[in-house]
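The values are calculated or read from the model by the stated rules, or taken from the named source; none is laboratory data. On a predicted model such as this, the values are computed, not experimentally measured, just so you know. Here the Cβ positions follow ideal geometry from the backbone for every residue, glycine too, while neighbour counts run over all protein chains shown.
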Amino acid sequence: MNAKPDSTALTGVGHETSLPDARGHFGPYGGRFVAETLMGPLAELEAAYHRYLGDAEFLAELDDDLTHYVGRPSPLYYARRWSDELGGARIYLKREDLNHTGAHKVNNTVGQALLAKRMGKMRVIAETGAGQHGVATATIAARLGMRCCVYMGVDDIKRQSMNVFRMKMLGAEVVGVSSGSRTLKDALNEAMRDWVSNVDDTFYIIGTVACPHPYPAMVRDFQAIIGREARAQSLQREGRLPDALVACVGGGSNAIGLFYPFINDHDVKLIGVEAGGDGVATGRHSAPLSAGSPGVLHGNRTYLMQDECGQIEETHSISAGLDYPGVGPEHSWLKDSGRAQYETITDTEALAAFRHLTRTEGIIPALESSHALAHAAKLARDMKRDQFIVVNLSGRGDKDMHTVATIDGITL
Amino acid sequence: MSRISACFESLAARRGKGLVTFISAGDPEPNATPALMHALVRGGADIIELGVPFSDPMADGPVIQRASERALEHGTTLDEVYRCVAKFREQDNTTPVVLMGYLNPFEHVGAARFAERAHAAGVDGVLVVDLPPEEAEDFNRVVKAAGVDQVFLVAPNSSSERVKMICNYASGFVYFVAVKGVTGDKAVDVDVINARIAETRTLASLPVGIGFGIRTPQAAAASAASADAIIVGSALVEIIEHHGTNTEAAAGALEVFVRSLRDAIDGKAHAA
């Protein structure tokens, strides 16, 4: 691996591991569990993706967009004052919050939208929880002149009203979903129903590394630029690789994006942080890897939060982006194989880290990313000064001002 | 011979078309289900499809989504579904019953245990909406061994290769999805799909039922022309929803509507 930051879009794809297999399996996880009507379109998508993965013109356009539109490479920032206050290991932040639209999500939406354009599908749809993926999709749709429809649970629409307004400003239609638990999982169901009904002219831009093959692999490959940059930047700044990587895990796209290029670096610990909500023991959380069991939802086999009858359970997290009962199948595989470990952080702990980073570094993190920060803070205290951790600061916290203000009893 | 095969043989013998009717088990509540199943048979249904409710019915339109929610609110577990079928079987030992649902609840109890208990209750077949043939091998082996047919979906965009792969696993009949969409979606364009159904019938060597989007006797008659059976669901579930908790009224209305479907497809069958 080159020691200087390398922003070439998909460099290194396919070399890190041989997974998934040809049918999209990561060990027992992943696969393609959908109604027959979607099998053809998924095969078509997979073929197009593999074709453009090796297409120099496509890769050059993607690379150009990531550089000049998204603003890559994102910095690897040493959080000196925060690290000093914590004591122990030094913490670096991979600044995905500085991307255009304010989160890592745009890395993937740019890639999938360019693919949609080449497939001649000028209508894109998306599901969104916190609204970051919806905004990133609406943004690229505006730029490419595509029609855009975003599905969002009505509960999430309430707590993320700013992002809803942003999507509408960008010309997207935002459809409230009031079935089921009225959050991300239900938005995903509804987007999938739209796709199956309009599959001839519509491209479904999925925002996470879950769902049927090829999405988990494709979204990972588009997000792996995070890890490739972080790896090269670590070598450049510290002359060696980090001792640990920490990222929050809802569906798990920012985490897999950071982890994937380090999979064969066995001295680098990979730590995913799930939303512990009120605490895993209370049952009010969103931590399928820590407290769930394997099952099939949204087109793939993976760890799920489910009851004793196999019905999907409602989840809870302070952060809408982590409020999801499943997780990408590659994370399930990384957990079982022991290559990555998964921890939980409660709402309260995440909020404390949110405030601490804001006050010591002048960086307001997303509540999602604050889960990773909170765990990194715990971890750093027990490590030595000459060690260092890279945390994926996957998004900025502007969208969460309303949530935090409400908790503080303030009306904005 | 399985009840499903016997049913289609009898239909073929009299050159008739099959009428497959879908309702959600446990909608509006589990105790109502056996009576509603009998009403379907009185109206002239040949086969009953019984929906197994799931929290995330990704392939269903709003009508069946709401039915699933009502059923789950009233505690419709798989155990309750078995009880509904067993109760139905006390008075009807000939009408085939096919469970239609999503993989996770079946897999969660284990395919073998599910198939064994379903068979014991009098279930004849199972259609797992989100289990395409690529992922079906283990499940298929186990349910077949327990004497339960596995019905598969075929879509208008399924390639000939896929239809062949599906037919390696399918038994009972195959379910041709008439529209690219969710259950209860836009109306079927009969002309467009007739050719695909004819091809499927050639490849399948199994009876072909057509469903998704058949909502009226007229549509039923038109669709019956090219298939061995027609499948109606959302239109029936709407009737149940309309009558709320008044099971008796719902049963009466279901019987009347199913008879109108029966008459329509029989007229067509006789004319053919």
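Of note:
- When restricted to residues that are surrounded by 24 or more Cβ atoms within 10 Å (Cβ to Cβ) and either out of contact with any Pro (no Cβ under 7 Å at 6 or more places or on another chain) or within 13 Å of chain B (Cβ to nearest Cβ) (or both), segment A:223-243 contains 5.
- Summed over segment A:155-192, the residues that are under 21 Å from the mean Cα position of the chain (by Cα), in contact (Cβ under 8 Å) with a residue 24 or more places away in the chain, surrounded by fewer than 24 Cβ atoms within 10 Å (Cβ to Cβ) and farther than 12 Å from B:Asp56 by Cα give a count of 7.
- Applying the criterion of at least 2 residues that are over 18 Å from A:Ala130 (Cα atoms) and among the acidic types (Asp, Glu) to the helices (runs of 4 or more DSSP H) found wholly in segment A:338-412 leaves A:347-361.
- Test: residue in segment B:30-47 that is away from chain A (no Cβ under 14 Å) and under 30 Å from A:Val177 (Cα atoms): yes
- Qualifying residue in segment B:27-40 (condition: out of contact with any helix residue (DSSP H, G or I) (no Cβ under 8 Å at 6 or more places or on another chain), among the small types (Gly, Ala, Ser) and not in a strand (DSSP E or B)): no
- Of the candidates B:Asp56, B:Asp27, the single residue that is within 30 Å of A:Thr315 (Cα to Cα), touching an Asp or Glu at 6+ places or on another chain (Cβ under 9 Å) and away from chain A (no Cβ under 14 Å) is B:Asp27.
- Hits in segment B:102-132 - residues which are closer than 26 Å to B:Glu9 by Cα and not aliphatic (A, V, I, L, M): B:Glu116, B:His119, B:Gly122, B:Asp124, B:Gly125
- Segment A:279-289: number of residues that are touching a residue at least 60 places away in the same chain (Cβ under 8 Å) and within 14 Å of another protein chain (Cβ to nearest Cβ): 0
- Neighbours by Cβ (under 7 Å, 6+ apart or cross-chain): first from segment A:130-141, free of Cβ contacts under 8 Å to residues at least 60 places away in the same chain; second of a type in the set (Val, Ile, Thr) and part of a loop (DSSP other than H, G, I, E, B): A:Val135/A:Thr101; A:Thr139/A:Thr101
- Residues located in segment A:290-330, provided they are polar (S, T, N, Q), more than 8 Å from chain B (Cβ to nearest Cβ) and farther than 18 Å from A:Arg159 by Cβ: A:Ser290, A:Ser293, A:Asn300, A:Thr302
- Residue match in segment B:78-91 (condition: touching a Ser or Thr at 6+ places or on another chain (Cβ under 7 Å) and not charged (D, E, K, R)): yes
- Boolean, B:Ala227 is part of a helix (DSSP H, G or I), touching a residue at least 12 places away in the same chain (Cβ under 8 Å) and crowded, with 16+ Cβ neighbours inside 10 Å: no
- Candidates in segment A:211-229 are the residues that are of a type in the set (A, V, I, L, M, F, W, C) and out of contact with any Phe, Trp or Tyr (no Cβ under 8 Å at 6 or more places or on another chain); of these, the one that is farthest from A:Ala79 (Cα to Cα) is A:Cys211.
- Any pair with Cβ under 6 angstrom, 6 or more apart, that starts in segment B:97-126 at a residue that is within 14 Å of chain A (Cβ to nearest Cβ) and ends at one that is of a type in the set (D, E, K, R) and not in a strand (DSSP E or B): B:Tyr102/B:Asp130; B:Leu103/B:Asp130
Table: residues versus (1) within 12 Å of chain B (Cβ to nearest Cβ); (2) in contact with a Lys or Arg (Cβ under 6 Å, 6 or more places away or on another chain); (3) within 30 Å of B:Asn157 (Cβ to Cβ).
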{"residue": "A:Ala136", "(1), (2), (3)": "no, yes, yes"}
{"residue": "A:Asn163", "(1), (2), (3)": "no, yes, no"}
{"residue": "A:Met167", "(1), (2), (3)": "no, no, no"}
{"residue": "A:Leu170", "(1), (2), (3)": "no, no, no"}
{"residue": "A:Asp186", "(1), (2), (3)": "yes, no, yes"}
{"residue": "A:Val196", "(1), (2), (3)": "yes, no, yes"}
{"residue": "A:Asp200", "(1), (2), (3)": "yes, no, yes"}
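- Among the conditions (1) closer than 26 Å to A:Leu19 by Cα; (2) small (Gly, Ala, Ser); (3) buried (at least 20 other Cβ atoms within 10 Å of the Cβ), the only one that A:Ser74 does not satisfy is (1).
- If only residues of segment A:86-128 that are part of a loop (DSSP other than H, G, I, E, B) and more than 23 Å from A:Cys211 (Cβ to Cβ) are counted, the one that is nearest to the chain's Cα centre (by Cα) is A:Gly102.
- Filter result for the condition that a residue is over 30 Å from A:Asp336 (Cβ atoms), more than 12 Å from chain B (Cβ to nearest Cβ) and in contact (Cβ under 8 Å) with a residue 24 or more places away in the chain, over A:Asp55, A:Asp63: A:Asp63
- Checking A:Ser18 against (1) more than 14 Å from chain B (Cβ to nearest Cβ); (2) of a type in the set (Ser, Thr, Tyr); (3) in contact (Cβ under 8 Å) with a residue 40 or more places away in the chain, the condition it does not meet: (3)
- Failed criterion for B:Gln65 (all others in (1) buried (at least 19 other Cβ atoms within 10 Å of the Cβ); (2) touching a residue at least 24 places away in the same chain (Cβ under 8 Å); (3) not aliphatic (A, V, I, L, M) hold): (2)
- Those residues of segment A:295-337 which are in a helix (DSSP H, G or I) and under 15 Å from A:Ser370 (Cα atoms), in sequence order: A:Ala320, A:Gly321, A:Leu322
- Pairs, first surrounded by fewer than 18 Cβ atoms within 10 Å (Cβ to Cβ) in segment A:387-403, second modelled with pLDDT of 95 or more and small (Gly, Ala, Ser), C-beta under 6 Å, six or more apart: A:Gln387/A:Ala89
- Within segment A:270-294, the residues that satisfy the criterion of being surrounded by fewer than 16 Cβ atoms within 10 Å (Cβ to Cβ) and assigned to a helix (DSSP H, G or I) are A:Ala281, A:Thr282.
- Number of positions in segment A:70-85 that are in a helix (DSSP H, G or I) and touching a residue at least 12 places away in the same chain (Cβ under 8 Å): 5
- Some residue of segment A:348-355 being farther than 17 Å from A:Asp186 by Cα, free of Cβ contacts under 8 Å to residues at least 60 places away in the same chain and among the basic types (Lys, Arg): yes
Rundown of residues vs (1) surrounded by fewer than 17 Cβ atoms within 10 Å (Cβ to Cβ); (2) among the basic types (Lys, Arg), yes/no style:
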position: B:Asn104; (1), (2): no, no
position: B:Gly110; (1), (2): yes, no
position: B:Arg113; (1), (2): yes, yes
position: B:Val142; (1), (2): no, no
position: B:Val154; (1), (2): no, no
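- If only residues of segment B:15-39 that are of a type outside the set (A, V, I, L, M, F, W, C) and closer than 16 Å to B:Ile64 by Cα are counted, the one that is surrounded by the most Cβ atoms within 10 Å (Cβ to Cβ) is B:Ser24.
- Of all the residues in segment B:157-180, those that are surrounded by fewer than 21 Cβ atoms within 10 Å (Cβ to Cβ), within 11 Å of chain A (Cβ to nearest Cβ) and not in a helix (DSSP H, G or I) number 2.
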